[in-house]
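Here the structure is laid out as structure tokens; the discussion comes afterwards.
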Amino acid sequence: ERQEDGKRHGRGTFKYPNKYFEFTGDYVNGLKHGKGVLKLGDGSLYEGEFQENEITGVGVRTWPDGSRYQGDFLEGERTGTGTLFLANGDKFTGQWDQNSKEGEGRWVYANGDVFEGVFEGNHPNGLGVHETP
């Protein structure tokens with residue numbers, strides 16, 4: 001529905017003119033705000049919280065290859081705590097900053113290897129424990 005000033009307000013669906021995006025969810029004063037689902041033209045999907053038009057809060061992002069991230073987002077990027085499940089069977093749980101693994105984390109590889117420790121620049125920095133089955 002719309003307010004008197006024409007801004008979207010309440011729950012609704014909006015298909016963008018470029019046909020790449022489709023949003024279904026909550027609007028407040030014309031902005032995506034609350035819970036919603038954003039479908040992208042590449043087959044990926046975000047379901048979770050929005051704040052003032054931004055993907056911010058807790059949510060789940062899935063990709064066409066089956067990879068999935070669930071956790072914290074800030075302005076569309078993985079920032080905070082979350083878990084990434086990759087299509088190849090790898091799984092990372094830990095701290096994120098602007099889509100990069102940063103800080104404490106645990107990487108469980110599909111082959112059974114595990115690295116638990118500190119990550120910098122999206123990679124283990126050597127400070128931690130690497131276990132093999």
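Scanning region 68-101 for residues that are farther than 19 Å from GLU131 by Cβ, surrounded by 19 or more Cβ atoms within 10 Å (Cβ to Cβ) and without any contact (Cβ under 8 Å) to a residue 24 or more places away in the chain gives TYR69, ARG78, THR79, GLY82, LEU84. Within region 66-85, can one find any residue that is closer than 29 Å to HIS123 by Cα and of a type in the set (A, V, I, L, M)? Yes, that holds for at least one residue. Considering only residues in region 1-26 that are open to solvent by less than 60 Å² (accessible area, probe 1.4 Å) and under 20 Å from the mean Cα position of the chain (by Cα), the one that is farthest from PRO64 (Cα to Cα) turns out to be ASP26.
The values are calculated or read from the model by the stated rules, or taken from the named source; none is laboratory data. Source: prediction; values computed, not measured. All Cβ positions, glycine included, derive from the backbone under ideal geometry; neighbour counts span all protein chains shown. With ligands, DNA and RNA removed, areas are computed over all heavy atoms of the protein, side chains included. Shrake-Rupley method; radii C 1.70, N 1.55, O 1.52, S 1.80 Å.
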